[in-house]
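Data block below; observations after.
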């Protein structure tokens, strides 16, 4: 298969396994490119991409921007996180203004779940969802799986536990979809109040005991507590959360095997993982950041090649 089955990247749930493999094979190629002395390719010289962020984001925005520039695209940045752009109508107005500048692709982060799907129905550009509320964050899940594949050779058959605030996490949902699609075994672990009731219907196990979860897994993906999304108190104190669900070096070293530690960032050091875990040789957190650029280059390149047809 040489092209994606979709015209937009709205969520992992719209992809099939061969889409993911194509993205990874393309990302392998781009990873070589970004490690050369000349890190740019002229692939998208005639493509204009608008980055529209209705929510604050540093890492994802920088990663997309770098990916776009490495592909030689023209890039427009639009930050609406502080503006009054909250309603569907103004969302269309904003995008139409940007599209009247002849934009081919829109990378959008929005606080409302489904914003990207809404947009894809109303505008002609190709849409990449850079996170929509607590719904999906597809490129993060792709770069996480790509990093597991790079470290362990394959995702199929691996045991992956996602630890932390599953309820509010778009990273968790996208990761569950991506990992299941590739044949991994998935469990979630965290305070009962932060595990959504429907999660088992996605074919995912629930393990309340962190130690048991770590003894079972090959990979632990540690999520931060999404304090900005917590409208009520879901657990007594941060200290208590850390005692029950935080990973420190002592715990890691006491396991009878070496597991891989991941984190989508930003890390709350000392809460979900300690610094000596984040910076240990078992951690692939910095690889995830590097792989993020290659994976986003692959997604943009593959979607852009469909625009050009």
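Rule-based calculations on the coordinates, nothing more; no lab input. Not measured: the values here are computed from a predicted model. Backbone-built Cβ (ideal geometry, glycine too); neighbour counts: all protein chains shown.
Rounded to the nearest 500, the helix-only mean residue ellipticity at 222 nm of the chain stands at -12500 deg cm²/dmol, with each DSSP H run of n ≥ 4 adding -39,500 (n - 2.57).
Angle check, please: helix 138-152 long axis (alpha carbons) against the longest principal axis of the chain (alpha carbons), in degrees 0 to 90, nearest 10. Approximately 60 degrees, to the nearest 10. Remark: 217, 189 ranked as 217, 189, counting other beta-carbon atoms within 10 Å and listing the fewest first. Counting other beta carbons within 10 Å of each Cβ, put 257, 158 in order, fewest first. The order, fewest Cβ neighbours first, is 257, 158.
Using the Cβ-Cβ distance between residue 200 and residue 156 with R0 = 25 Å, the FRET efficiency computed as 1/(1 + (r/R0)^6) comes to roughly 0.70. For the chain, DSSP calls about 5 percent of its internal beta bridges antiparallel.
Sequence-distant contacts, meaning Cα pairs under 8 Å at least 6 residues apart, place the relative contact order of the chain at 20 percent.
By the count of neighbouring beta-carbon atoms within 10 Å, fewest first, 90, 58 end up ordered 58, 90.
May I ask for the angle, rounded to the nearest 10°, between helix 285-307 and the longest principal axis of the chain, with both axes built from Cα atoms and the value confined to 0 to 90°? Between the helix axis and the principal axis of the chain, the angle is about 30 degrees. Over the stretch 138-286, Cα pairs under 8 Å with separation of 6+ residues give a relative contact order of 23 percent. Between the helical axis of 59-70 and the longest alpha-carbon principal axis of the chain there is an angle of about 40 degrees.
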